[in-house]
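Heads up, the thing below is written out as structure tokens.
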Amino acid sequence: MKCLECDGNIAAPKDSMEGEIVTCPDCGASFELVKGSKDFELKPAQTVGEDWGQ
């Protein structure tokens with residue numbers, strides 16, 4: 001799969017499951033695996049920010 005940020009190659013493990021987070025080895029961007037029409041596709045991972053109670 002191609003990274004949506006830097007167009008680098010991301011290899012998902014053979015035993016990957018939907019919802020798993022993969023990271024681009026080139027730029028470090030995180031993506032969630034979602035089931036596509038015939039294989040997994042990448043979707044930007046939701047990042048949870050720190051809640052400082054403000």
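For Cys6, which of the numbered conditions (1) on the phi < 0 side of the Ramachandran plot; (2) within 10 Å of the chain's Cα centre (by Cα) fails to hold?
Failed condition: (2).
Could you give me the residue pairs with C-beta distances under 6 Å whose first residue belongs to region 1-30 and is under 14 Å from Pro44 (Cβ atoms), whose second residue is part of a strand (DSSP E or B) and of a type in the set (Phe, Trp, Tyr) wherever it lies, and which are 6+ apart or on separate chains?
The qualifying pairs are Val22/Phe31.
Each value in this text was obtained by applying a stated rule to the coordinates, not by laboratory testing. None of these values were measured; they are calculated from a predicted model. Counting neighbours? That spans all protein chains shown, and the Cβs are built from the backbone with ideal geometry, glycine included.
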